[in-house]
Amino acid sequence: MFKIKKIIGRQVFDARGNPTVEADVFIEDNIMGRSTVPSGTSVGQYEAFELRDVFSEAYGKKGVSKAVYNINTIISDALVGCNFSNQIELDNTLLKIDGSYNKANLGANAILAVSLASAKAFAKKVNKPLFQYIAQEFSNYEQKNNINNKYIQIDLSDNKNFMLDNTDLESRVITTPMFNIINGGQHADNMLDIQEFMIVPVGGKDITEKLKMANEITNSLKQILINKELGVNVGDEGGFAPRIQKTNQALDILKEAIKSAGYNDKVRIAIDVAASEFWKNKKYSFEGEELDSIEMIDFYCFLIEKYPEIMSIEDPFADQDIIGWQLATKALGNKVLLVGDDLFVTNVNKIYEGLEYKIGNSILIKPNQIGTLSETIAAIQMAYNNKYIPIISHRSGETEDTTIAHLAVAVSALYIKTGALCRGERVAKYNELLRIDEYLSIQNK
């Protein structure tokens, strides 16, 4: 049992200098867990509600004093003094306190901060790294322990396709990062419509080599941009934001950097289109043209043919363009990862809809899209059980919190997105993966 002794919420700042929520949760023996939650730029319309002080001019209407107040009053009053036998029990209590379908009463940012801080405290109590706590905590729950508020009905007891039992953890970190080294769209002040151009070092033998490859390709890219006088300013996620306008320009430069670094056969490319950001009146305002769904499909088919290095396309269509998604899945679903972010928003109900429509084949997992650790795990399990690939992801407004690195290892995720190998809030996750890999290698000798 874990007894909550004290909860403290506070306003701190994310990597963009905007306010965000941090929570400290104290349990017996003065054990404390702390979590600082991120926020997104391109936000899916079905994401859990992020509570901001929109009626106050302070911080450009982006303050989080109300969310912090909710932690220090409503949540604290309800949880302090209570005993919890597991994470799901605590998260269910948070869901019950809020009582809304999208966490609009307390704020998903307030709820997630407490959920993750509690998980860190509980892990310390049982003397385990966070990734092992997550893996064990969710491996073999009875049905009575399921997430059970009226909006969510998820069975976490079926573990046959889901590697959460600690005995099944890999002996080393298997996660491959998708490094976002060219930023566009909402993440950069340039003319690129596509939001992220990523390198994926699939040929690296371990996380150390994968990071080495990313470092060398990034340095190569920087020199190419300098030589071409395209600028080396960086965007929200640490990637370069060069003065280019066209997708093919970005891909050509990326290929040149990969080749120059000597990794032609070991690196693939992933892109995040974030198509919801330029979809209006059932048209896509893309690279100076107004395109319909069929024309966008033609564009993606052309890209994959010209650039066979592309292995993943995220949000190729708007979350409301179901026909576009169906066409893409039929045309491209056996060629590349079709990753739903705005489409699925880490929400089991939206994932279920996607399964019904038979769209996509991969799901981006962002804990702050849904608001508790338990619901995040439920989304991952649904992905695995339906042969979708879960990709653990950060947000553009990140913090130094490293929970997602532990989550990726705990669920044996094949891929993680956490930005470029640049900026402290991004590098923190990569450094944590190195530490976890070192820990696992020692434990498994």
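FYI, it's all coordinate maths here, none of it is from the lab. Please read all numbers here as calculations on a predicted model, not as lab measurements. Methodologically, a virtual Cβ is constructed for each residue, glycine included, from the backbone with ideal geometry; neighbour enumeration extends over all protein chains shown.
Observations on the model:
- Seen against the Cα atoms of the chain and their longest principal axis, helix 373-385 is set at about 50 degrees.
- In a fully extended conformation the segment linking Asp298 and Phe55 would gain 83.0 nm over its present Cα-Cα distance, using 0.36 nm per residue.
- Selection among Tyr384, Met32, Met311 by position relative to the dipole of the chain gives Met32 as farthest towards the positive end (Cβ unit charges, Cα centre).
- Kirkwood's formula applied to the C-alpha pairs of segment 72-130 gives a hydrodynamic radius of 12.0 angstrom.
- Shape category assigned to segment 31-100 from the gyration tensor of Cα positions, a/c cut at 1.5: prolate
- Neighbour net charge for Asn18 - beta-carbon separation under 10 angstrom, K R +1, D E -1: +2
- Charge dipole magnitude, Cβ of K and R +1, D and E -1 - segment 2-141, Cα centre, debye nearest 20: 220
- Shape descriptor for the chain: Rg over Rh equals 0.96 (Cα atoms; Rh from the Kirkwood inverse mean 1/r).
- Pairs spanning more than 30 Å between alpha-carbon atoms, out of Lys222/Lys306; Lys306/Lys387; Lys96/Lys350; Lys96/Lys282: Lys96/Lys282.
- Whole-Hz Karplus values for segment 432-445 come out as 5, 4, 4, 5, 5, 4, 4, 4, 5, 5, 6, 5, 9, 6 Hz, taken residue by residue from phi with 6.51 cos²θ - 1.76 cosθ + 1.60 and θ = phi - 60°; glycine and proline positions read x.
- Computed over every Cα-Cα pair of segment 2-141 and binned at 5 Å starting from 0, the pair-distance distribution P(r) comes out as 2, 11, 20, 23, 19, 15, 8, 3, 1, 0 percent.
- Of the GluC sites (Glu not before Pro) found in segment 1-101, those that fall in a DSSP loop while having at most 12 other beta-carbon atoms within 10 Å are Glu57.
- Percentage relative contact order, segment 199-277, counting C-alpha pairs under 8 Å, at least six apart: 40
- Taking amide H as placed 1.01 Å from N in the peptide plane, Leu337 has its amide H under 5 Å from the amide H of Ser312, Ile313, each at least 5 places away in sequence or on another chain.
- Gaussian network model of the chain, Cα within-10 Å springs - most flexible of Phe131, Phe299, Phe344: Phe299
- Among the GluC sites (Glu not before Pro) in segment 190-237, those located in a DSSP loop and surrounded by at most 14 other Cβ atoms within 10 Å of their own Cβ are Glu229.
- Positive-end extreme of charge dipole, segment 168-443 - chosen from Leu343, Trp279, Leu440 (charges on Cβ): Leu440
- Only aspartates and glutamates eight or more places from Lys5 in sequence, or on another chain, were considered; those with a Cα closer than 16 Å are Asp24, Glu28, Asp29, Asp77.
- Across segment 2-141, C-alpha contacts under 8 Å between residues 6 or more apart give a mean separation that, scaled by the residue count, equals a relative contact order of 31 percent.
- Relative contact order [Cα under 8 Å, 6+ residues apart], the chain, whole percent: 19
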